[in-house]
Amino acid sequence: MSDFFDALETRDPAQREAALMAALPRQVAHAQKTTTALAEILAGVDAAGVTSREALARLPVTRKHDLFDRQKASRPADSFGGFSALVRGPGMPRLFSSPGPVYEPEGTAKDYWRAGRAAFAAGFRAGELVHNAFSYHMTPGAFIMESGAHAVGCTVFPAGVGQTEQQLQAIAELRPDAYMGTPSFLRILVEKAQETGSDISSLRKGLTGGEALPPSLRDWFAERGLAVYQSYATADLGLIAYETPAREGLVLDEGVMVEIVRPGTGDPVPEGEVGEMVVTTLNPDYPLIRFGTGDLSAVLPGHCPTGRTNTRIKGWMGRADQTTKIRGMFVHPSQVADIARRFPEVLKARLVVTGEMASDSMTLKVEAESHPHGLESRIGEAIRDITKLRGDVELLAPGSLPNDGKVIEDARSYK
């Protein structure tokens, strides 16, 4: 039996990159031609010239609020705000709603959300029964995971969430091999089974999503005979990355291109630095180009010990939207980036907010290659110009700031 979902997972990295760069201009052109929103967002872009990551990084980032704003403005004529290449009918068997609401289409391609790769890496195999405890109500989570289970040949029991006692009864009687759902609900099931004496011993593995799976909880499951893996997917993009038996980060899916950018900008950061994940999907039905997930992560060096050769990321490391209200004014990560861009000496900047209640103070901590005379005062002037607030400036040596993706750190006391 193969150890991999398909041959794409073990491609030579140079071959993979060449294939992605060949697909990228076609996807940009397709998005411009088939979606009104991206035709507007990418107006003036020569798709044929987008053949490198540097060229991709020059395109604008589309964020969740852009989807929401465009969808809201176009309803009810267009549920998707001009981002979908699909229309209602046989080519769109379902559409979903995420909080906002933001609506997402589903196409007819086999394993449309590409979750099969994650299910296979978690040990799911043909002929097994999967207990799917993601919600089947409005949101696509259950269908994302179900499509992955089907892609590897599993049968799915659509359990959904809640009704713990009935779920335990179904597990005891149907004897599923695997679990899909959030890690927190799996823990509820396991604890309730221990309390009531329900037999859930058939469950030996799990694939989770929707929440972080910390090592402590993963080990808790392992102590109870469950090998649980995590996946990272969104309703807009489908599968982005998945865990393997190596337990060393998450491997990127073959159907997406991922950039790590400085929060509040579209500027890629050096490998290993924490930033926001920006994803370009090769899905022709919903061709999102440089979609900002709002989630933080970082690229890990090297390849997965399992033999999968795609890039690895550390996993979910928090949220990139660090907008903070200071003295009645909102300050955004993009403003911190604008300040830093004015000074070529600046390598990295972090705004730290301290104080209590209405006595806020802020300090811009700046890593700089050199500290020419007057740099501190000039940066202070830029702070006032861009944020309309006064702030102190602290010049630091390169490498002094933490590598945690934070551009604005709210260290105020709220006692």
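The values are calculated or read from the model by the stated rules, or taken from the named source; none is laboratory data. If you're wondering where the values come from, they're calculated on a predicted model, not measured in any experiment. Using ideal geometry, Cβ is built from the backbone for each residue, glycine included, and neighbour counts are taken over all protein chains shown.
None of L213, L217 is crowded, with 16+ Cβ neighbours inside 10 Å, farther than 30 Å from M257 by Cβ and at pLDDT below 95 except L217. Only a single criterion out of (1) surrounded by fewer than 17 Cβ atoms within 10 Å (Cβ to Cβ); (2) of a type in the set (A, V, I, L, M, F, W, C); (3) within 24 Å of R16 (Cα to Cα) is not satisfied by A222, namely (3).
Contact map, the range 171-191: residues that are within 11 Å of L203 (Cα to Cα) and surrounded by fewer than 18 Cβ atoms within 10 Å (Cβ to Cβ) paired with residues that are among the hydroxyl-bearing types (S, T, Y) and at pLDDT 95 or above, Cβ distance under 6 Å, separation 6+ or inter-chain. Pairs shown: A172/S198; R175/S202. Is at least one residue of the range 276-285 acidic (D, E), in contact (Cβ under 8 Å) with a residue 60 or more places away in the chain and part of a strand (DSSP E or B)? Within the range 276-285, one or more residues are acidic (D, E), in contact (Cβ under 8 Å) with a residue 60 or more places away in the chain and part of a strand (DSSP E or B). Among the strands (runs of 3 or more DSSP E) confined to the range 307-415, the ones with at least 1 residues that are of a type in the set (K, R) are located at 324-326, 346-354, 361-368. Determine whether the range 87-101 contains at least one residue that is in contact (Cβ under 8 Å) with a residue 24 or more places away in the chain and surrounded by 22 or more Cβ atoms within 10 Å (Cβ to Cβ). Checked against the condition, which is being in contact (Cβ under 8 Å) with a residue 24 or more places away in the chain and surrounded by 22 or more Cβ atoms within 10 Å (Cβ to Cβ), the range 87-101 yields no hits at all.
For the range 338-372, the set of residues classified as at pLDDT 90 or above and either of a type in the set (A, V, I, L, M) or in contact with a Phe, Trp or Tyr (Cβ under 9 Å, 6 or more places away or on another chain) (or both) consists of I339, A340, V346, L347, A349, L351, V352, V353, M362, L364, V366, A368, listed by residue number.
Checking each residue in the range 103-141 for being in contact with a Lys or Arg (Cβ under 7 Å, 6 or more places away or on another chain) and over 18 Å from R204 (Cα atoms) picks out only E106.
Residues that are part of a helix (DSSP H, G or I) and touching a Pro at 6+ places or on another chain (Cβ under 8 Å) were ranked within the range 1-44; the one that is farthest from T311 (Cα to Cα) is T34. The one condition from (1) in contact (Cβ under 8 Å) with a residue 60 or more places away in the chain; (2) surrounded by fewer than 18 Cβ atoms within 10 Å (Cβ to Cβ) that D385 does not meet is (1).
Residues V251, V258: which one is among the hydrophobic types (A, V, I, L, M, F, W, C), surrounded by fewer than 23 Cβ atoms within 10 Å (Cβ to Cβ), at pLDDT 95 or above and under 24 Å from L207 (Cα atoms)? Just a single option satisfies the conditions, and that option is V258.
When every residue of the range 28-47 is checked against the conditions, at least one turns out to be farther than 15 Å from T281 by Cα, touching a residue at least 12 places away in the same chain (Cβ under 8 Å) and touching a Leu at 6+ places or on another chain (Cβ under 7 Å).
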